[in-house]
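No lab work stands behind these numbers, since they all come straight from the coordinates. Given the structure is predicted, the values throughout are model-derived calculations rather than measurements. Neighbour counts are summed over all protein chains in view; Cβ atoms, including those assigned to glycine, are modelled from backbone coordinates with ideal geometry.
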Amino acid sequence: MQYLQAKNLLSAEEYLLTSSQICESDPLVLNELGVLYFQQLKYAQSVDSFKNALKVEEETKCRPQVWETIWINLDHAFRQLGELDIHISKK
């Protein structure tokens, strides 16, 4: 996470991909991966990562603060893709 804050996106990606392989059931890692893709302007990958995070969150029953953050991030990614209205109408 510190790599993301320092805008060291290459190291952040390496760290987060490794983390997601080690712990596939951690929605926070998947959320951070989505944030990374968002910062890299890879909005479609960002959406996929946030959706995966929500799926894992649903299975693990995380705290509400976790899924709220993921939903907000997902909405931002859809907004960048110009698909926010479509996304909201499907909720």
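Data table
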quantity: Protection proxy ranking of 57-65, 16-24, 34-42, 75-83 - average other beta-carbon atoms within 10 Å, highest first; calculated: 34-42, 75-83, 16-24, 57-65
quantity: Per-pair calculated FRET efficiency, R0 = 35 Å: SER11 and ARG63 via Cβ, rounded to 0.05; calculated: 0.80
quantity: From phi via Karplus (6.51, -1.76, 1.60), per-residue ³J(HN,Hα) for the stretch 29-46 in Hz, x at Gly/Pro; calculated: 5, 5, 5, 5, 5, x, 4, 4, 4, 4, 5, 7, 6, 9, 5, 5, 5, 4
quantity: Hz values of 3J(HN,Hα) by residue in the stretch 64-78 - Karplus curve (6.51, -1.76, 1.60), Gly and Pro given as x; calculated: x, 4, 5, 5, 4, 4, 5, 4, 4, 4, 4, 4, 4, 5, 5
quantity: Under 14 Å from LYS51, Cα to Cα: aspartates and glutamates that are on another chain or at least 8 residues apart; calculated: GLU24, ASP26, GLU32, GLU59, GLU68, ASP75
